[in-house]
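Note sheet for the following structure.
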Amino acid sequence: MSGAERRELLAAAALRVIGNHGLSQATTRAIVAEAGMSLASFHYAYRSRDELLTEVMQRVVDGEMSAASLSLKPGSDIRNSVLDGMHAFFDYVRADPAHERALQELLQHALVTPGLHHLARAQYESYHRAATKLLASAALAAGVTWRDPLADAARFVVTMTDGITLAWLADGDTAAAQRTIELAATAIARLADPVPAEPVLAGPAPDSSPASSQDRSGCA
């Protein structure tokens with residue numbers, strides 16, 4: 001088994017353990033047991049448990065953002081582009097809530113563990129980069145421009161999706177979450193303006209001087 005294959009299996013196993021039993025139960029031994037691997041295999045793939053947890057966080061973020069980016073359709077207006085992206089993100093979360101629960105536990109762990117706060121920052125930097133890229137692509141497809149700095153619009157999107165996700169994990173009310181997505185898409189779309197039309201450049205005015213008129217007469 002290659003190193004990449006070991007990392008894939010261990011990261012997937014860590015997600016299952018954390019999502020189903022909590023981070024406190026996600027010991028190295030529990031993760032390798034879930035993966036059906038030996039402890040030696042773990043140390044062949046990762047230098048530490050924290051390195052594995054870092055990769056687990058990034059995998060969940062990448063999966064969420066990939067789902068949203070695949071929803072973009074050329075020619076869609078900006079509200080529908082945003083709406084489709086947010087629905088795709090939410091569908092990804094609903095397909096395996098354990099992944100999102102694991103991500104939330106990892107975030108809290110990073111925030112309270114000395115030396116790991118950078119992992120929480122890195123998680124949100126990944127979210128903001130991905131949202132920035134998605135909004136730029138959506139605007140290009142819809143022929144609009146963002147009125148405020150793109151980074152601010154992206155942060156607004158991340159804040160909206162965070163709230164929708166946490167509320168749904170708490171109450172499980174899918175219909176309410178989808179209504180909130182509709183409201184959020186409308187609010188985000190209002191931050192965009194149509195791209196101004198290119199000005200039409202006028203050609204040179206015809207020469208109406210007497211000399212020019214004589215020249216034209218002579219040519220005739």
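The values are calculated or read from the model by the stated rules, or taken from the named source; none is laboratory data. The structure presented is a predicted model; accordingly, all values stated were derived computationally and were not measured. When we count neighbours, we look across all protein chains shown, and the Cβ atoms used for this are built from the backbone with ideal geometry, even at glycine. The accessibility values were calculated without ligands, DNA or RNA, using every heavy atom of the protein model including side chains. Shrake-Rupley method; radii C 1.70, N 1.55, O 1.52, S 1.80 Å.
Per the Cα gyration tensor, segment 19-61 maps to an equivalent ellipsoid with semi-axes of 16, 14, 9 Å, ordered largest to smallest. When the trypsin sites (Lys or Arg not before Pro) in segment 34-136 are filtered for DSSP coil states and for at most 16 other beta-carbon atoms within 10 Å of their beta-carbon, the remaining sites are Arg47.
Rounding to the nearest 10 and keeping the result within 0 to 90°, find how far the Cα-based axis of helix 78-95 lies from the longest principal axis of the chain. Its long axis makes an angle of about 10 degrees. Surface composition of segment 37-86: carbon plus sulfur atoms contribute 57% of the solvent-accessible area (1.4 Å probe, protein chains only, all chains present). Expressed as an acute angle from 0 to 90° and rounded to the nearest 10, what is the orientation of the C-alpha long axis of helix 97-112 relative to the principal long axis of the chain? The helix 97-112 is inclined about 80 degrees to the chain. Once the mean of 1/r is taken over each pair of separate Cα atoms and inverted, segment 53-97 shows a Kirkwood hydrodynamic radius of 11.1 Å.
Using C-alpha pairs under 8 Å with a sequence gap of at least 6, the mean separation divided by the residue count of the chain gives a relative contact order of 20 percent. Diffusion coefficient (Stokes-Einstein, Kirkwood radius over C-alpha pairs, 25 °C, 0.890 mPa s) for segment 22-115: 160 µm²/s, rounded to a whole number.
With protein chains left intact and a 1.4 Å probe, residues in the chain average 55 Å² of accessible area per residue.
The residue list Leu116, Thr28, Val144 was ranked by how far each Cα lies along the charge dipole of the chain toward its positive end, using unit charges on Cβ atoms, and Thr28 comes out on top. Per the Kirkwood formula applied to alpha carbons, the chain shows a radius of gyration over Rh ratio, Rg over Rh, of 1.30.
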